[in-house]
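To start, the structure under review is shown below, and the notes come after it.
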Amino acid sequence: MKRGNARGAKGAQEGGGVTNGPKEANPATVRNAKRRGDIQQEWCFTSKDRWRWVEPDVWTERMLDALEGGVKGGKWHSLIDKVYSLKNLRAAFARVKRNKGSAGVDHVSIEAFEQQLETNIEKLHEGLRAGTYRPQSIKRCWIPKPGKGEKRPLGIPTVRDRVVQTALRNVLEPIFEAGFAPHSYGFRPERGCKDALRQVNALLQQGYHHVVDADLKGYFDSIPHDRLMTLVKTHIADGRILDLIEAFLDQEILENLARWTPEAGTPQGAVVSPLLSNIYLDPLDHLMAAHGLEMVRYADDFVVLCRDAATAQRVLSLLEQWTGEAGLELHPEKTHIVAYGSGEGFDFLGYCFKQGKRWPSRKSMKKIRANIRAKTRRTNGHSMAYTIETLNPTLRGWFEYFKHTRRWVLTNLDGYVRMRLRSILRKRIKRKGRGRGKDHQRWPNAYFAANGLYALEQAHERTFQSSKR
């Protein structure tokens with residue numbers, strides 16, 4: 001396989017100069033030294049394995065080589081052509097289509113955009129190449145928080161802007177991903193909630209029983225734009241890329257008939273927001289690591305696990321100082337120190353950790369019950385088979401995330417689901433109230449099983465019986 005300039009080689013790479021590596025005057029003799037061809041094959045395997053998630057239409061072998069070895073001055077130049085390449089834009093649309101989503105302020109849906117795909121892609125290509133592309137307004141809507149009377153804002157960019165943002169992320173994400181701390185798990189390739197939960201569980205088992213449970217107040221809406229751009233500029237020197245990022249940060253918000261331009265924050269719902277939010281918290285990640293602290297972070301939700309109360313108190317002071325300097329604020333009511341070893345518990349990523357065990361938090365239970373209620377309204381007018389068919393994906397997804405919980409939680413939730421379904425059937429025979437009493441004989445558990453209802457407790461039995469084999 002032909003490679004570009006290796007680490008330490010002189011010359012320019014695609015997107016910046018390759019950093020020259022230090023040379024040894026008299027290199028030490030190494031036993032079982034590998035031939036150059038062997039080293040090259042090993043490099044190709046490890047590099048490609050690590051970066052297998054990158055967009056191949058953007059990240060060539062030569063660019064990956066530079067990513068591994070570092071670029072001159074630590075900054076990447078001449079990246080805009082990678083963003084507006086036709087292959088990258090087509091790949092970006094494919095991702096946008098997979099993620100689905102609604103139309104933005106221009107009312108152009110994904111299906112409508114795809115009907116004239118090549119024409120639309122060509123327009124984006126020419127606009128980005130000529131520097132005439134401008135993002136459209138973001139449609140602001142409010143979605144209810146399950147289990148609460150509150151709502152949270154959601155920004156919906158247009159399909160064209162989501163395509164461009166995805167193309168931009170395809171280019172930028174590997175550059176910053178190379179330096180992100182290992183204890184950051186949110187919105188990162190090949191990482192997720194379960195990885196973060198496993199790490200928290202492992203640290204608790206190792207005796208880290210003093211937990212700083214932190215919450216950033218309105219994080220996504222309060223990130224200072226100027227400080228964020230300063231961090232982006234530490235690795236990006238392409239002025240047109242920087243202008244494009246600033247254009248997305250300054251996108252106008254449209255809510256009903258009101259229009260305004262945000263002075264801080266990254267719009268929730270935008271494709272590049274998760275990456276930018278991770279970039280802004282990356283200095284905090286490395287600060288914790290430099291102090292030898294065990295931090296586990298998923299986006300703006302994080303915990304720091306310590307072995308003693310004094311260290312936890314020191315961590316809290318450190319967090320207060322850093323957030324103040326970064327223009328952020330710790331939520332005064334949701335940030336506290338938990339004495340896990342003394343029987344106190346804490347919530348993280350939907351789970352409650354307490355007394356050596358974990359189960360769905362109260363908030364998670366309210367959320368799943370709200371989702372079940374929404375799909376099992378007594379006046380929905382659908383057949384029982386259809387109702388169960390629409391309900392099953394919700395139950396399966398919930399179980400896949402919470403299957404490592406206590407069995408009684410699953411038993412209780414199964415009972416709640418069947419009660420909701422019996423209430424529908426009870427309504428249809430002109431009876432009021434919830435399913436109860438003789439309804440258990442009219443429609444026994446076997447009735448719902450015969451109609452294909454996904455039973456959480458049975459799924460738990462199947463899962464853990466197979467794991468013991």
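The values are calculated or read from the model by the stated rules, or taken from the named source; none is laboratory data. Just so we're clear, the structure is a prediction, and the values are computed from it rather than from any experiment. So basically every Cβ, Gly included, is an ideal-geometry build from the backbone, and we count neighbours across all protein chains shown. When the accessible area is computed, the model is the full protein with side chains, heavy atoms only, and any ligands, DNA or RNA have been set aside. Shrake-Rupley method; radii C 1.70, N 1.55, O 1.52, S 1.80 Å.
Would you pick out the residues in region 420-469 that are touching a residue at least 60 places away in the same chain (Cβ under 8 Å) and loosely packed, with under 13 Cβ neighbours inside 10 Å?
Start the filter on region 420-469 by keeping residues that are touching a residue at least 60 places away in the same chain (Cβ under 8 Å), which leaves 448, 451-454, 456, 459-460, 463.
Across region 420-469, the qualifying residue is only Gly452.
Out of (1) surrounded by fewer than 19 Cβ atoms within 10 Å (Cβ to Cβ); (2) touching a strand residue (DSSP E or B) at 6+ places or on another chain (Cβ under 8 Å); (3) under 30 Å from Thr311 (Cα atoms); (4) at pLDDT 95 or above, what's the single condition that is false for Asp195?
Of everything listed in (1) surrounded by fewer than 19 Cβ atoms within 10 Å (Cβ to Cβ); (2) touching a strand residue (DSSP E or B) at 6+ places or on another chain (Cβ under 8 Å); (3) under 30 Å from Thr311 (Cα atoms); (4) at pLDDT 95 or above, Asp195 misses just condition (2).
Got at least one residue in region 239-250 being on the phi > 0 side of the Ramachandran plot and not acidic (Asp, Glu)?
Residues of region 239-250 that are on the phi > 0 side of the Ramachandran plot, as a first pass: none.
No, every residue in region 239-250 fails to be on the phi > 0 side of the Ramachandran plot and not acidic (Asp, Glu).
Residues to consider are Asp226, Asp221; find the one that is part of a helix (DSSP H, G or I), closer than 23 Å to Phe180 by Cα and at pLDDT 95 or above. Please lay out each step first, then the result.
Details: Asp221 fails: at pLDDT 95 or above.
Of Asp226, Asp221, the one residue that is part of a helix (DSSP H, G or I), closer than 23 Å to Phe180 by Cα and at pLDDT 95 or above is Asp226.
For Gly433, are the conditions met, namely being modelled with pLDDT of 95 or more, on the phi > 0 side of the Ramachandran plot and in contact with a helix residue (DSSP H, G or I) (Cβ under 8 Å, 6 or more places away or on another chain)? Can you show your working first?
Working: modelled with pLDDT of 95 or more: no; on the phi > 0 side of the Ramachandran plot: yes; in contact with a helix residue (DSSP H, G or I) (Cβ under 8 Å, 6 or more places away or on another chain): yes.
The answer is no for Gly433.
Out of all the residues in region 157-187, which are small (Gly, Ala, Ser), touching a strand residue (DSSP E or B) at 6+ places or on another chain (Cβ under 9 Å) and either over 21 Å from Glu68 (Cα atoms) or assigned to a helix (DSSP H, G or I) (or both)?
The first filter runs over region 157-187 and keeps only residues small (Gly, Ala, Ser), leaving 167, 178-179, 181, 184, 186.
Right, trim to touching a strand residue (DSSP E or B) at 6+ places or on another chain (Cβ under 9 Å) and you get 181, 184, 186.
Once the filter is applied, which keeps residues that are small (Gly, Ala, Ser), touching a strand residue (DSSP E or B) at 6+ places or on another chain (Cβ under 9 Å) and either over 21 Å from Glu68 (Cα atoms) or assigned to a helix (DSSP H, G or I) (or both), region 157-187 yields only Gly186.
Can you tell me how many residues in region 425-469 are farther than 28 Å from Gly397 by Cα and either polar (S, T, N, Q) or assigned to a loop (DSSP other than H, G, I, E, B) (or both)?
Qualifying residue count for the region: 8.
Which residues, taken from region 201-232, are under 20 Å from Ser273 (Cα atoms) and free of Cβ contacts under 8 Å to residues at least 12 places away in the same chain? Even if it seems obvious, please write down each step before you answer.
Restricting attention to region 201-232, the residues satisfying the condition of being under 20 Å from Ser273 (Cα atoms) are 215-232.
Correct list: Asp226, Thr230.
Restricting to region 372-411, name every residue that is farther than 30 Å from Asp347 by Cβ, small (Gly, Ala, Ser) and either under 25 Å from the mean Cα position of the chain (by Cα) or not in a helix (DSSP H, G or I) (or both).
Looking only at region 372-411, we keep the residues that are farther than 30 Å from Asp347 by Cβ, and these are 378-389.
Narrowing further to those that are small (Gly, Ala, Ser): 381, 383, 385.
Gly381, Ser383, listed by residue number.
Take the residues in region 280-293 that are more than 20 Å from Gly192 (Cβ to Cβ) and in contact with a strand residue (DSSP E or B) (Cβ under 6 Å, 6 or more places away or on another chain), then tell me which one is most open to solvent (accessible area, probe 1.4 Å).
For region 280-293, the residue satisfying everything is Leu293.
Considering (1) within 23 Å of the chain's Cα centre (by Cα); (2) farther than 24 Å from Leu287 by Cβ, say which one Glu329 fails and leave the rest.
With respect to (1) within 23 Å of the chain's Cα centre (by Cα); (2) farther than 24 Å from Leu287 by Cβ, Glu329 is out only on (2).
Give just the number: which of (1) touching a residue at least 40 places away in the same chain (Cβ under 8 Å); (2) of a type in the set (A, V, I, L, M, F, W, C); (3) outside any loop (DSSP other than H, G, I, E, B) does Leu328 not satisfy?
(3)
Within region 392-414, is even one residue among the small types (Gly, Ala, Ser), touching a residue at least 40 places away in the same chain (Cβ under 8 Å) and open to solvent by 30 Å² or more (accessible area, probe 1.4 Å)? Explain how you work it out, then say what you get.
Filtering region 392-414 for residues among the small types (Gly, Ala, Ser) gives 397.
Subset that is touching a residue at least 40 places away in the same chain (Cβ under 8 Å): none.
There is no residue in region 392-414 that is among the small types (Gly, Ala, Ser), touching a residue at least 40 places away in the same chain (Cβ under 8 Å) and open to solvent by 30 Å² or more (accessible area, probe 1.4 Å).
Report whether or not Ser277 is in contact with an Asp or Glu (Cβ under 8 Å, 6 or more places away or on another chain), buried (at least 21 other Cβ atoms within 10 Å of the Cβ) and of a type outside the set (A, V, I, L, M).
Details: in contact with an Asp or Glu (Cβ under 8 Å, 6 or more places away or on another chain): yes; buried (at least 21 other Cβ atoms within 10 Å of the Cβ): yes; of a type outside the set (A, V, I, L, M): yes.
So Ser277 passes the test.
Filter region 335-358 for residues that are under 20 Å from Leu316 (Cα atoms) and among the polar types (S, T, N, Q); which is surrounded by the most Cβ atoms within 10 Å (Cβ to Cβ)?
Thr335
Here are Val296, Val212, Val303, Val200: which of them is of a type in the set (A, V, I, L, M, F, W, C), crowded, with 21+ Cβ neighbours inside 10 Å and in a helix (DSSP H, G or I)? Step through it out loud before you land on a result.
On the way: Val296 fails: in a helix (DSSP H, G or I); Val212 fails: in a helix (DSSP H, G or I); Val303 fails: in a helix (DSSP H, G or I).
Unique residue meeting the criteria: Val200.
With the structure loaded, tell me whether Ile253 is over 28 Å from Gly74 (Cα atoms) and touching a Phe, Trp or Tyr at 6+ places or on another chain (Cβ under 8 Å) or whether it fails that test.
Working: over 28 Å from Gly74 (Cα atoms): yes; touching a Phe, Trp or Tyr at 6+ places or on another chain (Cβ under 8 Å): yes.
Yes, satisfied.
Looking at (1) surrounded by 19 or more Cβ atoms within 10 Å (Cβ to Cβ); (2) more than 27 Å from Leu316 (Cα to Cα), which is the one condition that is false for Thr261?
For Thr261, the exception is condition (1).
Exactly one of (1) of a type in the set (A, V, I, L, M); (2) within 30 Å of Arg418 (Cβ to Cβ); (3) under 26 Å from the mean Cα position of the chain (by Cα) is unmet by Leu319. Its number?
Going through (1) of a type in the set (A, V, I, L, M); (2) within 30 Å of Arg418 (Cβ to Cβ); (3) under 26 Å from the mean Cα position of the chain (by Cα) one by one, Leu319 breaks only (2).
Hey, among the residues in region 100-116 that are without any contact (Cβ under 8 Å) to a residue 12 or more places away in the chain and within 23 Å of Glu252 (Cα to Cα), which one's farthest from the chain's Cα centre (by Cα)?
In this case the residue turns out to be His107.
Report yes if Glu68 is of a type outside the set (Gly, Ala, Ser), modelled with pLDDT under 95 and part of a helix (DSSP H, G or I), otherwise no. Step through it out loud before you land on a result.
Details: of a type outside the set (Gly, Ala, Ser): yes; modelled with pLDDT under 95: yes; part of a helix (DSSP H, G or I): yes.
Yes; evaluated as a whole, the condition is true for this residue.
Please list, ordered by first then second residue, the pairs with beta carbon atoms under 6 Å, 6 or more apart or interchain, first in region 248-262 and free of Cβ contacts under 8 Å to residues at least 12 places away in the same chain, second open to solvent by 30 Å² or more (accessible area, probe 1.4 Å).
Correct list of pairs: Thr261/Asp250; Thr261/Glu252.
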